[in-house]
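The values are calculated or read from the model by the stated rules, or taken from the named source; none is laboratory data. Everything numeric here is computed off the predicted structure, so don't read it as measured data. Note that we place each Cβ from the backbone using ideal geometry, even for glycine, and neighbour counts take in every protein chain shown.
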Amino acid sequence: MSKVNASSFVTVRGQAISLETQTNSLISRYSTFAQTTSSEQTAKEKKLDTQIENALKKRQDIIDSLNDICNENPSISASKLSQLQRHKEILQEHWKSFQNIRSSIQQERNRLNLLFSVKNDIAQHNSNTNLNDEDEYIQDEARRIDQSHNVVDRLISQAWETRDHFTAQNNVLNNVNNKTLQVLQRIPGLNNLLGKINTRRKKNAVILASVITLCILFLFLTW
């Protein structure tokens, strides 16, 4: 019975060693996807992921079989127990490596998708902003044109009002002149009187100018 168990142990362990080598090769290939991650899982990556997971589960079944063989044979050698323990450790290491690589790939894929999403959002925002800026620019130009037209209209209106005001003042002055002429024509002696007044004013102005000039000369000479 002991020989049968020992033979079974060697046979089953051979399967474990073969799967360990195969798994190690698969994990090495799988790690390349962590270096060149795509935004979505490719068919090749998905197939390799499934192969590794199935190999690890199959190795767990083999280790369970080895463990049963050891439990059924109390006199099994310490070296075989040590070999069994080593297979368990290698399986744990491979599981850990596989999960770490899978996690790294997923994190990188999430980062790429996030960047892609952010770029799309920025592009969409810039597109909307450009459209809004163009609309606002056109609206601003339309408002400026309307304001310019309003200013021109006000200036034209003020010019017409000023023209009408000057015309009215001119009419008033003409009426005053006409009335003055009519009054002068009605009173013959008034023209002579106004002429004398104007002459007197001119004389007074000449006298005043002469006095001011003499005072200035006096101050200039005595300074």
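Can you tell me which of (1) surrounded by 12 or more Cβ atoms within 10 Å (Cβ to Cβ); (2) assigned to a helix (DSSP H, G or I); (3) within 45 Å of the chain's Cα centre (by Cα) is the one Leu91 doesn't meet?
(3)
Is it fair to say Asn100 is over 23 Å from Thr11 (Cβ atoms) and part of a helix (DSSP H, G or I)?
In short, yes.
Surrounded by fewer than 18 Cβ atoms within 10 Å (Cβ to Cβ) and within 40 Å of the chain's Cα centre (by Cα), is that true of Ser77?
no
Tell me the residue from Arg109, Arg59, Arg102 that is touching a Leu at 6+ places or on another chain (Cβ under 7 Å), modelled with pLDDT of 85 or more and not small (Gly, Ala, Ser), please.
Exactly one of Arg109, Arg59, Arg102 is touching a Leu at 6+ places or on another chain (Cβ under 7 Å), modelled with pLDDT of 85 or more and not small (Gly, Ala, Ser), namely Arg59.
Could you say which residue among Leu81, Leu66, Leu91, Leu26 is within 30 Å of Arg111 (Cβ to Cβ) and modelled with pLDDT of 90 or more?
Criteria check complete, one pass: Leu26.
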